[in-house]
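Written out below as structure tokens is the structure these notes cover.
The values are calculated or read from the model by the stated rules, or taken from the named source; none is laboratory data. This is a predicted model, so every value here is computed, not measured. Here Cβ is always computed from backbone atoms with ideal geometry, including for glycine, and neighbour counts include all displayed protein chains.
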Amino acid sequence: MTKKKHIAIIGGGIAGLEAGSVLTRQGYKVTIIEKENKTGGLLNHWSSLFPDFSLPGEVLARIQPENPDLTLIHNTCIESIKKENGRFELFDKRHLKLYADALLLATGLSVFDASLKEEYGYGLFINVITSSDFERIHKAGQKLLTAQGDPPKRVAIIHCVGSRDAKVGNGYCSKVCCITGVKQAIAISRMLPECEVFNFYMDLRLYGSKYDALYLEAQKRHQIQFIRGRLSEVSENQDQSLQLKAEDTLQGRPLRMQADMILLLTGLEAARQNENLCKNNHLELDENRFFKSENMQYHRNCSRQEGIFMAGSCICPMSVNETLDSARSAAIEVDNYLTQKER
Ligand SMILES: Cc1cc2nc3c(=O)[nH]c(=O)nc-3n(C[C@H](O)[C@H](O)[C@H](O)COP(=O)(O)OP(=O)(O)OC[C@H]3O[C@@H](n4cnc5c(N)ncnc54)[C@H](O)[C@@H]3O)c2cc1C
Ligand code: SF4
């Protein structure tokens, strides 16, 4: 019997887990290396998922791969990759060395640091929170309260924070934050039916199946108000409520509003270590610092380095179901590569 080929997967988010589970079912030996002490990636922090408010735990329970051919290594951040004699060597800070016949990158996303947009007051004004903060509060089963301990009577949700913004070096659209904003507006309205919720958007990009229906539900059933406007500045009143200055871009005039709380929909960035991983081989990043595909249309999961593949949101921002599809198609590419190499 021929020895089973070994595939190393960097990143144990849903992309890495799903690809690992498909590949072990196909008969490969797989090692998933995760830098945190837990697999699941960002999904561990979200309270419910658009567009159907299903629980992230249900997705994670379905894809926790259990197979004797699958090894999970936690608390290990892969810093560099080397290819020698057709095999890959992976290194972390402690000089862990791992050999593999093929490599799958599933390093996922980072969330934009909202304090870099100083004019929006995150980290300066206590009643300014981010979309990730809201998910964590909601997941913990806590009520949304202002710093003064009261339920907010008015919340303003701001779209495109750290996305479509050349000033912070992210000119691209993060794709999933408009629908996250609709989901969170509904969640706030369900939690606090008396609260007025306003979403300030540049334009609404609701690209996915059932996203438009959720947007209509937000307006009709929850009376969420969507204002086409660009926030310019936030200031704090003496009672720690907030004052927003924006431009209503439909009416073409300046707009001011008082709010008890502001929620910033922060953009998505490629994982920070990606640049290191590109050194010493033919891996490339695209203009937005995500891994560059060999071909955008036909070989989205293939890199320019033979034997290295990519899955999920390390290619570009993606929703959960797109990430799972991407992981499955990456597994097919890896299998094709190893099967052809064997012949
Ligand atoms: C606020 C917010 C809310 C969202 N809500 C939804 C929603 O409701 N519905 C939905 O469909 N999508 C939602 N998303 C998108 C969703 O989070 C992504 O689709 C999903 O996390 C992508 O999974 P992934 O495995 O590609 O990446 P990640 O979840 O980022 O996982 C990547 C993993 O790789 C690890 N890693 C990275 N680099 C290394 C390294 N060098 N060595 C070892 N390990 C490494 C990380 O620690 C992480 O565990 C939301 C996103 C945000 C920001
Ligand atoms: S998805 Fe919406 S909020 Fe996110 S960057 Fe694109 S337009 Fe802005």
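Within the stretch 216-242, residues that are touching a residue at least 24 places away in the same chain (Cβ under 8 Å) and outside the structural domain of Phe200 (by TED's automatic domain parsing) reach no partner that is buried (at least 19 other Cβ atoms within 10 Å of the Cβ) and small (Gly, Ala, Ser) with beta carbons closer than 6 Å at six or more positions or on different chains.
Among the residues of the stretch 25-42 satisfying the criterion of being part of a strand (DSSP E or B) and within 14 Å of ligand 1 (Cβ to nearest atom), which is surrounded by the fewest Cβ atoms within 10 Å (Cβ to Cβ)?
For the stretch 25-42, the residue satisfying everything is Thr31.
For the stretch 243-274, residues that are in contact with a strand residue (DSSP E or B) (Cβ under 7 Å, 6 or more places away or on another chain) and surrounded by fewer than 22 Cβ atoms within 10 Å (Cβ to Cβ) total 14.
Considering Ser54, Ser47, the condition of being surrounded by 16 or more Cβ atoms within 10 Å (Cβ to Cβ) and either in contact (Cβ under 8 Å) with a residue 12 or more places away in the chain or assigned by TED's automatic domain parsing to the domain that holds Val30 (or both) is satisfied by Ser47 alone.
Looking only at residues in the stretch 166-215 that are within 13 Å of ligand 1 (Cβ to nearest atom) and among the polar types (S, T, N, Q), the one that is farthest from the chain's Cα centre (by Cα) is Ser209. Among the numbered conditions (1) modelled with pLDDT of 95 or more; (2) small (Gly, Ala, Ser); (3) out of contact with any strand residue (DSSP E or B) (no Cβ under 6 Å at 6 or more places or on another chain), the only one that Ala114 does not meet is (3).
Scan the stretch 272-279 and tell me whether some residue there is assigned to a loop (DSSP other than H, G, I, E, B), touching a helix residue (DSSP H, G or I) at 6+ places or on another chain (Cβ under 8 Å) and over 30 Å from Gly229 (Cα atoms). Among the residues of the stretch 272-279, not one is assigned to a loop (DSSP other than H, G, I, E, B), touching a helix residue (DSSP H, G or I) at 6+ places or on another chain (Cβ under 8 Å) and over 30 Å from Gly229 (Cα atoms), which makes the answer no.
Counting only residues that are part of a strand (DSSP E or B) and surrounded by 20 or more Cβ atoms within 10 Å (Cβ to Cβ), the stretch 298-320 holds 4 of them. Candidates are the residues of the stretch 108-142 that are of a type in the set (Lys, Arg) and not in a loop (DSSP other than H, G, I, E, B); the one that is surrounded by the fewest Cβ atoms within 10 Å (Cβ to Cβ) is Arg136.
Of all residues in the stretch 143-168, those that are more than 9 Å from ligand 2 (Cβ to nearest atom), at pLDDT 95 or above and in a loop (DSSP other than H, G, I, E, B) total 8. When Ser110, Ser132 are checked against the criterion of being within 13 Å of ligand 1 (Cβ to nearest atom), touching a residue at least 24 places away in the same chain (Cβ under 8 Å), touching an Asp or Glu at 6+ places or on another chain (Cβ under 6 Å) and not hydrophobic (A, V, I, L, M, F, W, C), Ser110 stands alone in meeting it.
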